[in-house]
Amino acid sequence: MNSSIRNKEQELSKMSPFEIKNTLIELAKKDARKSTRQFLNAGRGNPDWIATAPREAFFLLGQWALSECTRTYKADPGIAGIPESEGSMDRLQRFLMANSALPGALLLHDAIKYCIETLKIDPDSLAYEWAEGIIGDQYPTPVRMLEHSEEIVAAYMAQEMGNNAPGLGKEYDFFATEGGTAAMCYIFDSLQANRLVNRHDRIALMTPIFTPYLEIPGLDRYQFDVVNIQASEMDKNGLHTWQYPDSELDKLRDPSVKLLCLVNPSNPPSYKLDAACMKKIVDIVKNDNPNLMIVTDDVYGTFAKDFRSLMYELPQNTLCVYSFSKYFGATGWRLAVIGLAKDNIFNRLLAEQPEIQRKDLFERYRSLTPEPDKISFIDRIVADSRSVALNHTAGLSTPQQIQMDLFALMCLIDKENIYKQAMQDLMQRRLEALWKSAGLTLVKDPDRVGYYSEIDIMVWGKKFYGEEFCEWLKANYNPLDIVIRLAKDTSVVLLNGSGFAGPEWSIRASLANLTTDDYVKIGEAINQILESYHKEFVEAKNKH
């Protein structure tokens, strides 16, 4: 290999895969310009679909809400009043009857019925919250989440993350945030601000994992001692199952491990925790490490069949992050929630802290209430998200919360899971197209989700060409060479799996943002690059 190329690859290997992506895009576009190939970027998981019905409902609801404002006051130039509560549901229903043929009317009608009959929400209170919320004329109140938005999302989470958990999630609190990334930042900040984890404390990451979970712990303010729990299990055919062997999960028995972070289903392998792993984690927490705090990021849970989050398996220990961005094609909306059971280990650990720590935290939150000790951890996250002093202006914007309601309600009234099945089928078609065209065998696995696909080149190189070929490849090339070669020789952008703490020679493809035909081409490109390596190997071997 050219020494300048090797140096460049070593330089890139120190960067996040999302930063390397920019270099790969530049190489792929350059190749596409000088060839007849199509530029195909499967490096980032932004969906190429949107859920239309909840958006139609949102814009129709907005028209009604605006009419509610002009009803109370109207003057030139374009000035109106604010909504009124009394009789608001009657007016909303009459509006929907008059506009029943318009897109979004049916969803709103059914959503209202669900909220009133199933969630037992007062009709005028619901209509008034929606009118004020979608217009955005008031600060978010309560700051953590609008009252009925929280009830709706609690029911959605119980259904989708709890696999129809009983009780509609009323034993949980939720905080609406500006996407899952904001939720991550808030959680880490509050854990440290409240001395639940301190600099140099030991935490565990279930890897491979979304890169910020790898990068945040290393920041100077945290400098956590990180233990990787690796999804290293292989089946009898030498293929990854992307599950966690007992030897890895047993690392969690160490009580010095204070915090566990995971993405479930995983990113990039895109597998949900299987029943054995789930049972093992529950057993370890209950019998060996009862104070273990868990943060589970479940953004891909809705793409899995019969998904159940650790949030519902270990409610006292688990804080859940869920984003609406991927499932509904809404990354630009920045919609997510943090969910935590009312009875939780975070609150108990706060209460058990030494007096000197509790005194410091009393001072931190004393501007909020005469009894700062009684502020729950999730409400501390809200306050910390606005540096405490601006707690009164915290909260996700109210129009965003109303769109979140409508996303959730669409699924709550979809008793036949029509939308969910369509999403899962789409991912499966794309996954099968990618693997078939790459010449890879896709073994059936009920725990595979397929939003991403992680392909370990060493596994398939060994199957196709043998162990000697793999040793030659490792000796002669940097693991980044394959994603660079894909970009500059085939105009395809994939990310390096090593950047997610995955196998060094693995590559990660998003299956969310291109057509099925495009994934056929990407699979063919992967096959082409593997064959080019093998051709070089044969030539080198023949020279000797």
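What follows draws every value from the coordinates through simple rules; no lab data is involved. Note that the structure is predicted; figures quoted are calculated from it, not measured. Cβ coordinates were reconstructed from backbone atoms using ideal geometry, including for glycine residues, and neighbour counts include every protein chain displayed.
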Roughly how far apart, in whole Å, are the Cα centres of region 275-301 and region 98-125? 38 Å
All other residues with a Cβ under 14 Å from the Cβ of K420 taken together, and with Lys, Arg as +1 and Asp, Glu as -1, what is their net charge? -2
Which length gain, in nm to one decimal place, applies between E84 and L219 when the Cα-Cα distance is subtracted from 0.36 nm times their residue separation? 43.7 nm
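Working from the pairwise distances between different alpha carbons, so that the mean of 1/r is found and then inverted, what is the chain's Kirkwood radius in Å? The partial results should precede the final answer.
Values: mean 1/r = 0.0396 Å⁻¹.
One decimal place: 25.3 Å for the Kirkwood radius.
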Cα-only Debye scattering, region 258-345: base-10 log of I(q)/I(0) at q = 0.13, 0.14, 0.25 Å⁻¹: -0.42, -0.49, -1.33
In whole Å, what is the distance between the alpha-carbon centres of region 229-264 and region 20-83? 38 Å
In degrees, nearest ten, helix 123-135 long axis to first principal axis of the chain (Cα): 60 degrees
Give me the angle, in degrees from 0 to 90, between the Cα long axis of helix 516-543 and the longest principal axis of the Cα atoms of the chain, rounded to the nearest 10. 30 degrees
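Give, in nm to one decimal, the length gained when the segment between Q138 and E416 is fully stretched (0.36 nm per residue of separation minus the Cα-Cα distance). Numbers along the way, then the final one.
Working: separation 278, 0.36 × 278 = 100.08 nm, distance 3.69 nm.
Contour length minus Cα-Cα distance gives 96.4 nm.
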Using 5 Å bins from zero, what percent of all Cα-Cα pairs in region 489-531 falls into each bin? 6, 21, 26, 25, 17, 4
Which three semi-axes in whole Å describe the equivalent ellipsoid of region 168-382, each the square root of 5 times a Cα gyration tensor eigenvalue, listed largest first? 28, 20, 16
State, as an integer percentage, the relative contact order of the chain based on alpha-carbon contacts under 8 Å between residues 6 or more apart. 23 percent
Efficiency of FRET from Cβ geometry, R94 and L390, R₀ 41 Å, rounded to 0.05: 0.55
Run lengths n ≥ 4 of DSSP H only: what is the helix-derived mean residue ellipticity at 222 nm for the chain, with -39500 (n - 2.57) per run over all residues, to the nearest 500? -15000 deg cm²/dmol
Applying 1/(1 + (r/R0)^6) with R0 = 25 Å to the Cβ-Cβ distance of D122 and T72, what FRET efficiency is obtained, to the nearest 0.05? 0.75
Here the residues of region 27-53 lying in the modelled label zone of T181, meaning backbone nitrogen under 16 Å from a point 7 Å along Cα-to-Cβ, are 43-47
What does DSSP give for the chain in terms of the percent of beta bridges that are antiparallel, rounded to the nearest 5? 50 percent
Report, in degrees rounded to the nearest 10, the 0 to 90 angle that the Cα long axis of helix 355-365 makes with the longest principal axis of the chain. 70 degrees
Just the projected area, averaged over all directions, of the convex hull on the alpha carbon atoms of region 52-135: how many nm²? 5.4 nm²
For K305, go through the lysines and keep the ones whose alpha-carbon is under 17 Å away, minus same-chain ones fewer than eight residues off. K272, K326, K415, K420, K444
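Using the beta-carbon distance between N46 and Q353 and R0 = 35 Å, what value does 1/(1 + (r/R0)^6) give for FRET efficiency, to the nearest 0.05? List each step's numbers first, then the result.
Working: r = 41 Å, r/R0 = 1.18.
Taking R0 as 35 Å, the efficiency between N46 and Q353 is 0.25.
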